[in-house]
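Take a look at the structure below.
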Amino acid sequence: MRYALRQLLLPLIALLMLAGCAGQNMMPGTSGPSAQELLDQANSQSGQQAAASRLEAADILARQGDTAQALQIASQINEGQLDDAQRIRWALVLSDSALNEEDGDSVIRATDILDSASNLSSDDRQTLRYRRGIALNMVGEPEASARLLIGLQREDAPYELNDEIWKPLSTLSPTALDALAATGNDSITQGWVNLARLYRTSSSDISNLFDRLDQWRSRYPDHPANRRLPKDLTTLREVEDNKINQIAVFLPTSGPLANVASAIRQGLEARARDAEAQGERTPQLTFIDSSEQDTDALYAQATMAGAQAVIGPLDKSKVSELETRSSVPLPTLALNYGEHAQNQAAKLFQYGLSAEDEARQVAHRAYLDGHSRAGIMVPDNDWGSRVLAAFRKGWEREGGDVASVVSYDPSGSVATAVRNLLNSDPSSMDMLFLLALPSYARQVPPTLDFYYAGNLSVYATSHVYEGISQPRADHDLNGVQFVDIPWMIPDAATGGADALPFGSTYQQLSSQDDPGLLKLNAMGVDAYELARRLPLIQALPNTQIFGATGMLQAADDGRIQRTLPWAVFQSGSPQPLLTPVPSRATSNRVRTDERGASLSRSPDSANGSLNGSALNAEEDRTIQSSGANPPSTPSSDAN
């Protein structure tokens, strides 16, 4: 996306080009060496001369529109070999080319000059701050991005910022919005935060959203977003008349998935009742038994019932069959992921819970934390193999190496498994990915200590936690970091149950003794919220929902991806992971207000890696409740 060239005002562009090219005659069609000639010349030069020649070449290529090659050249320049004026020019060339190529990390690197260059002109400083604000969102720091861009808007910077502010702002969790609001009492910041809050709480009911938007406009008559709404909010007008009044739900009442379906239905119905009690315009649910009927018969029955959307099916084989079609009869939110590499069916969305999804998020987080050599422990069964494959693929895509893999016998010796993992060389790895149920996982950290590997960072999936606080039982897990759905770790995820997404529904469902049932209830709650928003998701594919099972967003092929909050065991209980999720490019830097990042960020303010996943709800339900290996039934193995 041509961020800078599209957004800068023409007079400012002219000024920057004149400033950057003073004394040079490098425009296409004029005399002077070409970019290739300059690069050839640099090969015979050294130090500052070579760096200056490469900078000239990158500048020429950027102005000719070859931003990919300009980025490649500029990113390889050692800016320490440039004088002050050249460093500023390098920062402008690199940041502009990197934005055009959507390389946020390179923009961050270029704009670090904001901390050290005292001779930046006001125009150059604003330009670099603007580009950094966009890049911060690209590298997963939306709160910092919104703060910086809102700061520019307060200073009347010559940019159209509303859409660029809304991109990161609309993804922030309630906790992150509170943190942003606390940074300033000015009307521009408070107006943006309140606009994001009403969008988050009303996006499932578009008519109510616009009623509340009118109230917001009355409160902030001079706000920049009042003069021109962000494009995403304007687009909502197009879906206002497409609201869903009736949803058909395909769930089995008999067979191996009946118990899972029952727990999901409980969550669906509880959320529907609660939303209606709060005065929301809610769609009605019609439940259709999917135990014996094929999908065409199910859709025919749903159409006869007047449904405008479908939730289900739950069975993986039925979802796999649907995703090979060109389209489905009604907008559909399947409650599983198909087995094919990609969903091909228009109007078909897929959602569920997945250990593979969690493994990919662990890989991303561990890499951002600075780790590069992974040890892996997974059970020696099909479940372990699938999760291992997901972690390995994600880890190697990040650039990490796998130092050791152990597929352990869940009923066997933990000491043997750990000894095989370390292979007499604990220094060969700097982190451990652990897939294990609590009874096994609790033995791993003490065994690592015994083999002098107690300093190894341990990352785990949600399966390491039973879902209830047991400080005495879990004290050996102290220091282990793991992901889980917000409803399972309310204190760590949001600071308490009162701040949970759909908190009143949580209060109704959380009294039961089985954490596994609560997790499936939460899946039903989010399925209801996703289904009622299907017109919105279709119109605005970047829509995110802060749900009971994580931050939810549809991928390009309609598969819903989840980003989960992090927790760490302290004194035997899950606690917030206060160390923020860093950007790989910025993790070792001190952030300043001018550069837009907060000095301390809320852990959930950053977007995690969003990766597709494969799910089987029966497997997840059984794992949580049995305390044993995942069953080798056809339904669980189908995932």
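The values are calculated or read from the model by the stated rules, or taken from the named source; none is laboratory data. Note that the structure is a prediction, hence the values are computed from the model and not measured. Reconstructed Cβ throughout: ideal geometry from the backbone, glycine too, with neighbour counts over all protein chains shown. All accessible areas refer to the heavy atoms of the entire protein, side chains included, with ligands and DNA or RNA removed. Shrake-Rupley method; radii C 1.70, N 1.55, O 1.52, S 1.80 Å.
Residues of the range 404-423 that are open to solvent by 50 Å² or more (accessible area, probe 1.4 Å) and under 25 Å from Gln361 (Cβ atoms): Val405, Ser407. Among the candidates Leu456, Leu432, the residue that is surrounded by fewer than 24 Cβ atoms within 10 Å (Cβ to Cβ), of a type in the set (A, V, I, L, M) and closer than 23 Å to Ala366 by Cβ is uniquely Leu456. Could we say that Asp123 is open to solvent by less than 30 Å² (accessible area, probe 1.4 Å), charged (D, E, K, R), assigned to a helix (DSSP H, G or I) and over 13 Å from Ile165 (Cα atoms) here? No. Limited to the range 408-432, what total is found for residues that are under 31 Å from the mean Cα position of the chain (by Cα) and either farther than 18 Å from Asp380 by Cα or among the basic types (Lys, Arg) (or both)? Looking only at that region, the number is 4. Please indicate, with yes or no, whether at least one residue in the range 148-155 is open to solvent by 10 Å² or more (accessible area, probe 1.4 Å), in contact (Cβ under 8 Å) with a residue 40 or more places away in the chain and of a type in the set (D, E, K, R). Taking every residue of the range 148-155 in turn, none turns out to be open to solvent by 10 Å² or more (accessible area, probe 1.4 Å), in contact (Cβ under 8 Å) with a residue 40 or more places away in the chain and of a type in the set (D, E, K, R). Looking only at the range 422-439, residues that are touching a residue at least 40 places away in the same chain (Cβ under 8 Å) and either touching an Asp or Glu at 6+ places or on another chain (Cβ under 7 Å) or in a helix (DSSP H, G or I) (or both) come to 4 in all. Give the residues of the range 92-120 that are surrounded by fewer than 21 Cβ atoms within 10 Å (Cβ to Cβ) and among the hydrophobic types (A, V, I, L, M, F, W, C), sorted by residue number. Leu114, Ala117, Leu120, listed by residue number.
If you scan the range 215-252, which residues turn out to be assigned to a loop (DSSP other than H, G, I, E, B) and within 30 Å of Thr295 (Cα to Cα)? The answer is Lys243, Ile244, Asn245, Pro252. Scanning the range 311-329 for residues that are in contact with a helix residue (DSSP H, G or I) (Cβ under 8 Å, 6 or more places away or on another chain), closer than 26 Å to Asp557 by Cα, surrounded by fewer than 24 Cβ atoms within 10 Å (Cβ to Cβ) and of a type in the set (D, E, K, R) turns up at least one hit.
Every residue, every condition in (1) surrounded by 19 or more Cβ atoms within 10 Å (Cβ to Cβ); (2) not hydrophobic (A, V, I, L, M, F, W, C), yes or no:
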{"site": "Ala345", "(1), (2)": "yes, no"}
{"site": "Gln350", "(1), (2)": "yes, yes"}
{"site": "Ser354", "(1), (2)": "yes, yes"}
{"site": "Arg360", "(1), (2)": "yes, yes"}
{"site": "His364", "(1), (2)": "yes, yes"}
{"site": "Leu368", "(1), (2)": "yes, no"}
{"site": "Ser385", "(1), (2)": "no, yes"}
{"site": "Gly399", "(1), (2)": "no, yes"}
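I'd like to know if the range 261-271 contains one or more residues that are of a type in the set (Gly, Ala, Ser) and exposed (fewer than 13 other Cβ atoms within 10 Å of the Cβ). Within the range 261-271, none of the residues are of a type in the set (Gly, Ala, Ser) and exposed (fewer than 13 other Cβ atoms within 10 Å of the Cβ). Meeting the requirement of 3 or more residues that are over 19 Å from the mean Cα position of the chain (by Cα), the helices (runs of 4 or more DSSP H) wholly within the range 466-552 are 471-474, 503-509, 515-532, 534-539.
Of all residues in the range 29-43, none satisfies being surrounded by fewer than 20 Cβ atoms within 10 Å (Cβ to Cβ) and within 20 Å of Leu128 (Cβ to Cβ).
Entry remark, the range 167-214: residues being of a type in the set (Ser, Thr, Tyr), part of a helix (DSSP H, G or I), open to solvent by less than 10 Å² (accessible area, probe 1.4 Å) and farther than 19 Å from Thr234 by Cβ number 1 in total.
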